[in-house]
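Only one structure is covered here, and it is reproduced in the block below.
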Amino acid sequence: MTRHVFVFTGVLALLLAGVAGAQYPVLDLMVEKVVQKYAQSTCEQLWLERGKPKSQDVEQVIQMLRNDAQMRTVFINKIAAPVANKMFECGMIP
């Protein structure tokens, strides 16, 4: 009986994770692009880009994230670790 409960719980968790991931398919592309940018950029490149104005596409994405709190939360949860680690390595955060 206990084994069936564990199996059911595991399957349910996998299904919920799949639904959460599929909730914002475009978001996954945005996350991949941001994480890839930070992974491939040197610290010097990141420092130079920091003060530059953002492109029209980036501004639209930012506005979309500002308008949808749930999407913003998912986005930040996915990019937080890789971006924060790179910023720490580059001395951009203490």
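All of the numbers you see were taken from the coordinates with simple rules; none came from a lab. Owing to the predicted nature of the structure, the values given are computational and were not obtained by experimental measurement. Virtual Cβ from ideal backbone geometry, glycine too; neighbours counted across all protein chains shown.
With neighbour counts taken as other beta-carbon atoms within 10 Å, the residues K54, K37 rank, fewest first, as K54, K37.
Neighbour counting of Cβ atoms within 10 Å sorts the residues I79, I93, fewest neighbours leading, into I93, I79. If the chain linking E44 and M64 were pulled fully straight, counting 0.36 nm for each residue of separation and taking away their Cα-Cα distance, it would gain 4.3 nm.
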